[in-house]
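Everything on this sheet refers to the single structure shown next.
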Amino acid sequence: MSEAIRDLVQGVVDGSLSDDELTDWLRGIYNVGLTELETIALTEAMRDSGDILEWNSEISKLIVDKHSTGGVGDKVSLVLAPAMAACGLLVPMISGRGLGHTGGTLDKLESIPGLRVEMSPESIRQQVESIGVAMVGQSDTLVPADRRMYALRDVTDTVASIPLITSSIVSKKAAEGLSAMVLDVKFGRAAFMVEREQAVKLARSMVDVANGMGIRTTAVLTSMQHPLGCAIGNSLEVLESVETLCGSGPEDLEELVCVQGGLLLHATGLAEGPRAGAVMIHDSLQDGSAFERFRLMVEAQGGNVSIFDSDASLMRGLGLMDPDLNTTELSVGATGWVVDIDAMAIARVCSGLGSGRARLGDSIDRAVGAILEVQVGDYLDKGEPWIVLYHRDEVDRDTIEGLLDSITLSDEEVEAESRIEEMFD
Ligand code: URA
């Protein structure tokens, strides 16, 4: 069976398999599924369809990465990758762009003037060996099979298949030559998998396949009902990431960074347990070493590091002091504890104001977005502000009224809960 799968993937890359034949094959998998062994065979064949990052045996056990299924305000990667490098791990992070309501790490990074995200596999390897971290886009030579398969899945309605999603995501991570990986699988109204049950199935499948390929993998199942942290939008999320890298970020973001980094420090033997690893990550945020790795990475990738000289230069550098940029603050019409903030509603508004793209290739406005002044569990008096929108054009009345419904207050005190619901390995 694995020989047959290898031949098919070869046909995907060399063009000997026609679009019709490939569509039939993808539809077959979509309708019938694959066994775990078949999914491993498919993922390995896809990984081997292009270049693979190779590491010498002394450092290969320290090569790690994370993948998130995407969310609103999800800037974990921007903080986690340099923090892990500061703790001794090596992180060749290949990321994607935002689409629809979900943001993308590359778009956020490109808010930093001059920063390049296109790098050859050889330059990625050199940068990771010298400073421990690179955050870049997918090159044409890594997993070319996925590019053709994903494009066809997109137009044939075969994206939502657990074995096809598993092989697509895990093959790209496996091509980085990883020893260990953490998967942040989100569920909830603003997640790729809205239903928890589907997210659990996807997490289980990715963990089993990646572990079956020799990558020590844990999945963290996290809730994506509310935005993560307070900033939504590319430049604003970089600002919040820098604050978090300097030890003063929002608690929910810091928790995900510390837990996920702790799991990888433990998996690679640099920490005695996940909890000890989480403390190491936390310390790197407090002592400045995580931020220093971030600064080195920005410099190595051509970014202008003088923006980090002061708060004002950071705001200016990220385009947040542009005179064309307007802010609108919205207040609550009642008093109470915040029980809910609808991530999907806020993401749609920000995207509509220009922060997101409907199709790959659409242009985006990096300075547009929103800052939440509150999080779930906070208490607000009537008339207090809860969100500030950053926008260029006038915000219309319907948008503002729609947003007012996206925060829910209660007379009863509520406590913020951890976003982490379950872990699988
Ligand atoms: N992201 C991917 O990279 N591949 C999928 O199939 C789905 C989401």
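Please treat every number below as a calculation from the coordinates, not as lab data. Small disclaimer: the values here were computed from a predicted structure and weren't measured. Backbone-built Cβ (ideal geometry, glycine too); neighbour counts: all protein chains shown.
General observations
- Per-q log10 I(q)/I(0), the range 60-309, q = 0.08, 0.12 Å⁻¹ (Debye; single scatterer per alpha-carbon; no solvent): -0.27, -0.63
- Charge context of residue 353, other residues only, Cβ under 9 angstrom, K/R +1, D/E -1: -1
- In degrees, nearest ten, helix 289-300 long axis to first principal axis of the chain (Cα): 70
- Here the Debye sum runs over all C-alpha atoms of the range 196-332 as equal scatterers in vacuum, and log10 of I(q)/I(0) at q = 0.10, 0.13, 0.17, 0.18 Å⁻¹ comes out as -0.47, -0.76, -1.10, -1.16.
- Positive-end residue, the chain charge dipole about Cα centroid, Cβ charges, pick of 221, 345, 91: 91
- About its Cα centre, the dipole of the chain is roughly 960 debye, where the only charges are +1 on Lys and Arg Cβ and -1 on Asp and Glu Cβ.
- When shorter helices are ignored and each DSSP H run of at least 4 residues is given -39500 (n - 2.57), the per-residue value for the chain at 222 nm works out to -13500 deg cm²/dmol.
- Whole-number D in µm² s⁻¹ for the range 322-410, Kirkwood Cα-pair radius fed into Stokes-Einstein, 25 °C, 0.890 mPa s: 179
- Rounded to the nearest 10 degrees, the inclination of helix 36-47 to the longest alpha-carbon principal axis of the chain is 90 degrees.
- Segments 145-155, 364-374 sorted - mean Cβ within 10 Å per residue, highest first: 364-374, 145-155
- Altogether, the Stokes-Einstein calculation at 4 °C and 1.567 mPa s, with the Kirkwood radius of the chain over Cα pairs as Rh, returns a diffusion coefficient of 59 µm²/s.
- Isotropic mean projected area of the C-alpha convex hull, the range 227-279 (nm²): 3.8
- Among 201, 66, 172, the ranking by other beta carbons within 10 Å of each residue's beta carbon, starting with the fewest, stands as 201, 172, 66.
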